[in-house]
Amino acid sequence: MNYREWLQKVIYWIINPMIRCMIRMGITPNFVTTTGLVLNIVAAAFFIYAGLYYPGELEYVGWAGAVVLFAGLFDMMDGRLARLGGMASTFGALYDSVLDRYSELFTLFGISFYLNLQGYFWGSILTFLALIGSLMVSYVRARAEGLGLECKVGLMQRPERVVLTSLGAVGCGLFADLQAFDPMLILIVPIALIALLANWTAFVRINHCRKLLSQK
């Protein structure tokens, strides 16, 4: 069992009582998926609002990160709800995948906008590169599965990206008064890691598909 499977089991153990409660209340997986998107839009709005009206006040960045982290729970709950509640469907899987992409785009756009307004031009560029990598990781997998290939390899998948983004923002807000170095780096460094490793993961997946296709 790898670390992702172990962590998934722990999270499922935590959220299963909530999932059963949702089933009894008649809440659908698509509703949970939509709620996750709305929360990510709220997080992006926090970043934009902070950049426009509260420059230099990193507490808003921390709150935005907390919202992103909370929204990440909904990303796990929709699939679990669909399986435990017997509500899994092909459209639901499509809807979940599409809204996940929208969620990530909104969040990273908000961060890029915020960093650019604060004068961190290269930070905003790194965020844009992280956005590209995030999209390409998902696209390569979708394209591979369309060709009948399984493609889940690579380090920087969506859960890792959500955790790095949210913890970076939360840490930036918590340590806003840090004097040893610019606390904005607490946000920018994780984004830079996503930009590097997400794009690397996309190419790892391309190479993985190349090897699989060469064996046919």
Filtered residue count, segment 181-190, keeping only those that are over 21 Å from the mean Cα position of the chain (by Cα) and either at pLDDT 95 or above or closer than 19 Å to G65 by Cα (or both): 2
Qualifying positions in segment 78-107 - assigned to a helix (DSSP H, G or I), among the polar types (S, T, N, Q) and open to solvent by 20 Å² or more (accessible area, probe 1.4 Å): T90, S97
Residue tally, condition crowded, with 19+ Cβ neighbours inside 10 Å, hydrophobic (A, V, I, L, M, F, W, C) and more than 12 Å from the chain's Cα centre (by Cα), over segment 108-128: 3
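Among the residues of segment 134-153, how many are small (G, A, S) and open to solvent by less than 30 Å² (accessible area, probe 1.4 Å)? Don't jump to the end; show me each part of the working.
Step one: list which residues in segment 134-153 are small (G, A, S), which gives 134, 138, 142, 144, 146, 148.
Now narrow it down to the ones that are open to solvent by less than 30 Å² (accessible area, probe 1.4 Å): 134, 138, 144.
The qualifying residues number 3.
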Answer residue from segment 195-211, given it is β-branched (V, I, T) and either open to solvent by 50 Å² or more (accessible area, probe 1.4 Å) or in contact with a Leu (Cβ under 7 Å, 6 or more places away or on another chain) (or both) and is nearest to V163 (Cα to Cα) among those: T201
Candidate set from segment 155-177 (those that are surrounded by fewer than 16 Cβ atoms within 10 Å (Cβ to Cβ) and under 22 Å from C209 (Cβ atoms)); member that is modelled with the lowest pLDDT: L155
Test: Q118 is in contact with a helix residue (DSSP H, G or I) (Cβ under 9 Å, 6 or more places away or on another chain), farther than 18 Å from A66 by Cβ and not charged (D, E, K, R): yes
Answer residue from segment 54-77, given it is β-branched (V, I, T) and out of contact with any Cys (no Cβ under 9 Å at 6 or more places or on another chain) and is least open to solvent (accessible area, probe 1.4 Å) among those: V68
T90, sole failed condition from (1) touching a helix residue (DSSP H, G or I) at 6+ places or on another chain (Cβ under 9 Å); (2) under 23 Å from Q157 (Cβ atoms): (1)
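Would a scan of segment 126-137 turn up a residue that is part of a helix (DSSP H, G or I) and within 28 Å of P17 (Cβ to Cβ)?
No, segment 126-137 contains no residue that is part of a helix (DSSP H, G or I) and within 28 Å of P17 (Cβ to Cβ).
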Selected residue (only one of L213, L193, L178 is in a helix (DSSP H, G or I) and closer than 21 Å to G65 by Cα): L193
Hey, I23 surrounded by fewer than 19 Cβ atoms within 10 Å (Cβ to Cβ) and farther than 20 Å from L164 by Cα or not: yes
Residue in segment 98-154 that is modelled with the lowest pLDDT, counting only those that are among the β-branched types (V, I, T) and closer than 15 Å to A202 by Cβ: V153
Single unsatisfied condition, L131 versus (1) buried (at least 19 other Cβ atoms within 10 Å of the Cβ); (2) more than 14 Å from the chain's Cα centre (by Cα); (3) free of Cβ contacts under 8 Å to residues at least 60 places away in the same chain: (2)
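The values are calculated or read from the model by the stated rules, or taken from the named source; none is laboratory data. Only a predicted model underlies this, so the values are computations on that prediction, with no experimental measurement involved. Using ideal geometry, Cβ is built from the backbone for each residue, glycine included, and neighbour counts are taken over all protein chains shown. Ligands, DNA and RNA are stripped out before the accessible areas are found, and what is left, the full protein with its side chains, is counted by its heavy atoms. Shrake-Rupley method; radii C 1.70, N 1.55, O 1.52, S 1.80 Å.
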